1. In a GNM of the chain with a 10 Å cut-off on Cα contacts, which of 235, 100, 206 has the highest mean-square fluctuation?
2. With springs only between Cα atoms under 10 Å, which of 181, 60, 27 fluctuates most in a Gaussian network model of the chain?
3. Connecting C-alpha atoms closer than 10 Å in a GNM of the chain, tell me which of 241, 218, 72 has the biggest fluctuation.
4. If one takes the longest principal axis of the Cα atoms in the chain, at what angle in degrees, from 0 to 90 and to the nearest 10, does the Cα axis of helix 2-33 lie?
5. So, by mean Cβ neighbours within 10 angstrom, what's the order for 81-88, 185-192, 138-145, 121-128 with the highest one leading?
6. Between region 218-243 and region 146-182, what's the alpha-carbon centroid distance in Å?
7. Using only alpha carbon pairs under 8 Å that are at least six residues apart, calculate the relative contact order of the chain and give it in whole percent.
8. Under the 0.36 nm per residue contour assumption, what length would be gained going from the current alpha-carbon distance of residue 144 and residue 58 to full extension?
């Protein structure tokens with residue numbers, strides 16, 4: 001009886017230690033991604049600040065040639081500005097690529113399993129998306145209380161980001177950036193596994209699938225846009241992040257560190 005109890009206790013302790021080690025590994029992977037603080041934390045504010053400066057300059061130029069920032073037409077036209085999205089999207093996707101392409105070899109050297117690296121990377125992407133959301137939401141609030149940077153410059157209060165609605169803005173930035181980071185991570189994993197031709201092949205395949213899907217949905221696109229619901233974006237973004245993480249793990253399972 002004593003031997004059985006001892007054996008059971010040993011198994012329980014081993015299981016607990018294994019669970020604790022797995023947890024620590026996930027947290028270690030999460031911290032590993034944020035070692036490059038200048039890229040992960042300092043660069044996004046710089047990009048967003050630059051977008052604000054450029055938007056203000058453009059607004060001032062338009063005013064000099066007769067634009068009226070107090071008119072409804074000005075507000076409507078200015079809200080078509082997608083500068084924040086286009087400026088940040090490429091950088092965010094790059095972050096996703098390098099989060100696997102440059103970090104995976106170090107993670108393996110530290111003893112992180114491929115499964116835990118994938119999960120830890122997904123959590124790191126979500127953490128980065130939360131950071132971007134908080135940063136963007138703060139700038140949206142500042143833009144609104146300053147009456148659009150005192151000159152009628154619409155950088156964050158745009159149609160593509162919810163037309164100034166804080167809730168829609170937060171959901172769009174959070175899920176959009178998380179999806180882009182995860183997609184970038186999947187392409188980084190494909191590069192690690194197959195080399196430079198891997199991302200090219202995957203990119204062409206995805207483009208062809210999207211083109212075929214667009215062709216099928218073309219007759220219904222008008223109705224889809226008119227009846228668009230926010231939860232569609234939620235499902236699409238979460239689905240893209242999860243599918244990308246699965247693809248990342250599939251590529252990394254047989255990847256060798258070069």
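1. Of 235, 100, 206, the Gaussian network model singles out 206 as fluctuating most.
2. Result for the chain, Cα springs under 10 Å: 60 fluctuates most.
3. Comparing 241, 218, 72 in the GNM, the peak value goes to 218.
4. Its long axis makes an angle of about 30 degrees.
5. On the way: 81-88: 17.4, 185-192: 26.4, 138-145: 15.0, 121-128: 21.8.
Sorting 81-88, 185-192, 138-145, 121-128 by mean packing, highest first, produces 185-192, 121-128, 81-88, 138-145.
6. Taking the Cα centre of each part, region 218-243 and region 146-182 sit 18 Å apart.
7. On the way: 250 pairs, mean separation 63.3, N = 258.
Worked out over the chain, it gives 25 percent.
8. Details: separation 86, 0.36 × 86 = 30.96 nm, distance 1.80 nm.
Difference between extended and current length: 29.2 nm.
Bear in mind these aren't lab numbers, they're just calculated from the coordinates by the rules spelled out. Only a predicted model underlies this, so the values are computations on that prediction, with no experimental measurement involved. Note that each Cβ is placed from the backbone with ideal geometry, even for glycine, and that neighbours are counted across all protein chains shown.
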